[in-house]
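Some notes on the structure that comes next.
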Amino acid sequence: MNVRNIVLDKYGAKVYKNRKEHIIEINEETKQQPIAANTRSIPGIMTNRGCCYAGCKGVVLGPLKDVLVLTHGPIGCGFYSWGTRRNKAKPQDGRNFIEYCFSTDLQESDIVFGGEKKLRQAIKEAIEIFNPKCIMICSTCPVGLIGDDIHAVAAETEREYGISCMAFSCEGYKGVSQSGGHHIANNTLMKKVIGTGDAEPTKKFTINILGEYNIGGDGWEVERILKRIGYEIITIFTGNGSYETMKNAHMANLNIVQCHRSINYIAEMMKTKYGVDWIKVNFIGLDAIKQSLRDMATYFGDKELMERTEAVIADELANIAEEKEYYYSKLKGKTAAIYVGGSRSHHYQNLLADFGVKTVLAGYEFAHRDDYEGREVIPTIKEDADSKNIEHLEVTKDEQKYHAYLTEEQYEELKTKIPLEQYGGMIKTMDDNSIVVDDLNHFETEEFVKLLKPDMFFSGIKDKYVLQKAGVYSKQLHSYDYSGPYAGFNGAINFARDVTMGLYTPAWGLVTPPWKNKSTLKAKLVGG
Ligand code: CFN
Ligand code: HCA
């Protein structure tokens with residue numbers, strides 16, 4: 001049965017033509033094929049994607065606890081990107097701004113007459129009440145449309161109040177998804193924050209953790225393990241992170257990157273500007289954690305660090321061994337579908353595999369082709385005077401123009417001179433016959449569920465209840481519902497416990513929805 005074609009065949013010609021490029025049924029041949037990604041969703045299709053503002057403010061900047069992040073826009077954008085995010089943070093110097101939602105609450109009259117006055121007033125009030133060291137202003141859609149100059153207001157604020165103030169033109173409509181917002185946030189943090197501090201590290205092995213947003217406390221569990229081994233963490237981008245510590249990020253020896261999709265820009269720019277190396281890690285799933293810790297120790301090449309790493313791994317695994325075995329016995333042989341943003345759909349396959357669960361359907365909302373297909377990176381090319389446009393020097397097969405503004409010919413030439421590093425790519429790690437879908441929509445979700453019948457579906461708020469009403473256990477992998485952490489050794493057990501509870505709850509057997517017994521729609525045939 002070609003599940004992919006059964007679903008695609010239900011579309012009209014125009015949509016079929018578009019969507020067929022975004023869906024792969026894995027086999028030896030299709031594994032080598034490109035997948036369309038990071039393109040505009042078809043209007044009218046119920047995509048799960050978010051917006052540029054969500055990526056910039058909601059994801060990257062929102063968790064910074066000593067920054068007053070001010071949404072310039074109608075209240076809904078500020079509130080949604082605050083109230084639904086579960087990034088946790090402990091106070092820094094007695095401050096924890098993430099408990100507040102700051103917004104200019106633009107009204108109709110501001111849209112008509114301009115909102116800059118209101119923005120200035122909001123900044124004045126914010127400074128009087130909260131006395132922040134740093135304000136970050138984030139634009140929503142209407143701000144871009146009416147042309148408020150948030151950058152001028154930020155510069156004015158710096159002059160007038162002597163604090164740091166940055167503006168982010170991350171209007172929701174920019175680009176095709178959250179992804180553009182990550183890029184905008186990353187660029188400004190790189191330009192205006194990283195490298196402005198001078199606090200010397202105190203330990204030998206110093207790192208930054210990139211792409212860890214401390215959802216449900218994930219970052220804390222990762223920190224706990226790394227500190228046990230003996231690493232000094234200068235800063236975290238950006239879960240439980242802060243402006244103060246981010247300023248010193250360039251002092252670290254190594255950047256470790258958890259979510260590559262949202263922050264690869266900073267990793268590469270720091271490599272170019274400060275020579276800080278980076279490696280990809282994954283702290284979701286036991287085998288992935290072990291591998292990541294070993295890769296880190298290997299990077300530093302220190303015998304004692306390697307021994308300490310092995311000792312910590314052995315101890316942590318021994319602590320969870322009994323529970324792991326129990327949950328394995330409950331979950332073994334089950335199947336899963338995963339549909340999240342730009343990195344978790346891959347990361348969580350490792351964790352599920354630890355408990356014997358096979359992923360039969362996986363997709364990303366806004367990942368780029370390299371997240372699916374893997375990435376070829378030319379490791380270090382020195383910036384040359386002619387390439388004024390080079391933002392950072394990551395050169396990938398499919399996106400070389402976007403990342404480094406190299407022409408096809410330049411890329412091909414460089415490739416012959418410098419060996420490529422290969423890594424990543426969800427597709428090549430998945431089994432034959434499983435399905436990969438880019439920018440999954442509600443129609444496809446329902447159709448694939450009918451055909452593949454996964455035991456569980458990991459996704460977000462937009463389809464959680466649709467799935468549960470269809471009788472499929474669904475867990476949010478964005479917010480973890482109300483739970484977490486799921487990263488690290490202890491997180492793995494939390495995850496397995498939650499999934500086991502979800503699958504085995506007697507609730508599934510207590511209700512019979514009406515459509516299970518009789519058809520709710522009556523069709524009348526006209527004309528025989
Ligand atoms: S915390 Fe991250 S892990 S940052 Fe990114 S790509 Fe989103 S907000 Mo939702 S849960 Fe999701 Fe990833 Fe990186 Fe989160 S899979 S969609 S923009 N994401
Ligand atoms: C976003 C944020 C989001 C939404 C989650 C969801 C998050 O990109 O808009 O749809 O359930 O993790 O909070 O991805």
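Remarks
- Helices (runs of 4 or more DSSP H) contained entirely in segment 146-233, each with at least 1 residues that are within 16 Å of ligand 2 (Cβ to nearest atom): 179-192, 218-229
- Residue in segment 108-129 that is among the hydroxyl-bearing types (Ser, Thr, Tyr) and touching a residue at least 24 places away in the same chain (Cβ under 8 Å) present: no
- When segment 447-473 is filtered for residues that are within 15 Å of ligand 1 (Cβ to nearest atom) and of a type in the set (Ser, Thr, Tyr), only SER459 remains.
- Positions within segment 353-376 being under 17 Å from ASP498 (Cα atoms) and within 15 Å of ligand 1 (Cβ to nearest atom), in sequence order: none
- Going through (1) farther than 19 Å from VAL59 by Cβ; (2) surrounded by fewer than 24 Cβ atoms within 10 Å (Cβ to Cβ) one by one, HIS347 falls short only on (1).
- Scanning segment 484-497 for residues that are open to solvent by less than 20 Å² (accessible area, probe 1.4 Å) and within 16 Å of ligand 1 (Cβ to nearest atom), we see that the one that is nearest to LYS453 (Cα to Cα) is PHE495.
- Selection status of ASP110, surrounded by fewer than 23 Cβ atoms within 10 Å (Cβ to Cβ) and either of a type in the set (A, V, I, L, M) or closer than 27 Å to VAL193 by Cα (or both): no
- Of the helices (runs of 4 or more DSSP H) contained entirely in segment 336-412, those carrying at least 3 residues that are modelled with pLDDT of 60 or more fall at 344-354, 369-373.
- Residue in segment 304-324 that is on the phi > 0 side of the Ramachandran plot and surrounded by fewer than 17 Cβ atoms within 10 Å (Cβ to Cβ) present: no
- When GLY241 is tested against (1) in a loop (DSSP other than H, G, I, E, B); (2) out of contact with any His (no Cβ under 7 Å at 6 or more places or on another chain); (3) closer than 27 Å to PHE355 by Cβ, just one condition goes unmet, and that condition is (3).
- Selection within segment 290-306 - farther than 18 Å from LEU351 by Cα and among the hydroxyl-bearing types (Ser, Thr, Tyr): THR298, TYR299
- Per-region count, segment 97-126, residues more than 16 Å from GLY58 (Cα to Cα) and out of contact with any strand residue (DSSP E or B) (no Cβ under 8 Å at 6 or more places or on another chain): 16
- Of the helices (runs of 4 or more DSSP H) that lie entirely inside segment 1-114, those containing 3 or more residues that are more than 14 Å from ligand 2 (Cβ to nearest atom) span 3-8, 13-19, 108-113.
- In the condition set (1) within 30 Å of THR505 (Cα to Cα); (2) surrounded by fewer than 21 Cβ atoms within 10 Å (Cβ to Cβ), ASP295 is compliant with all but (1).
- Segment 151-165, subset among the hydrophobic types (A, V, I, L, M, F, W, C) and surrounded by 13 or more Cβ atoms within 10 Å (Cβ to Cβ), residue farthest from THR140 (Cα to Cα): ILE163
- Residue in segment 260-273 that is within 16 Å of ligand 1 (Cβ to nearest atom), in contact (Cβ under 8 Å) with a residue 12 or more places away in the chain, out of contact with any strand residue (DSSP E or B) (no Cβ under 9 Å at 6 or more places or on another chain) and within 30 Å of GLU99 (Cβ to Cβ) present: yes
- Some residue of segment 454-476 being surrounded by fewer than 16 Cβ atoms within 10 Å (Cβ to Cβ), in a loop (DSSP other than H, G, I, E, B) and modelled with pLDDT under 95: yes
- Whichever residue in segment 251-290 is under 21 Å from LYS204 (Cβ atoms) and of a type in the set (Gly, Ala, Ser) and, among such residues, is surrounded by the most Cβ atoms within 10 Å (Cβ to Cβ): ALA252
The values are calculated or read from the model by the stated rules, or taken from the named source; none is laboratory data. In this text, all values refer to a predicted model and were calculated from it rather than measured experimentally. Note that we place each Cβ from the backbone using ideal geometry, even for glycine, and neighbour counts take in every protein chain shown. Each accessible area value is taken on the protein alone, full model and side chains, heavy atoms only, with ligands, DNA and RNA left out. Shrake-Rupley method; radii C 1.70, N 1.55, O 1.52, S 1.80 Å.
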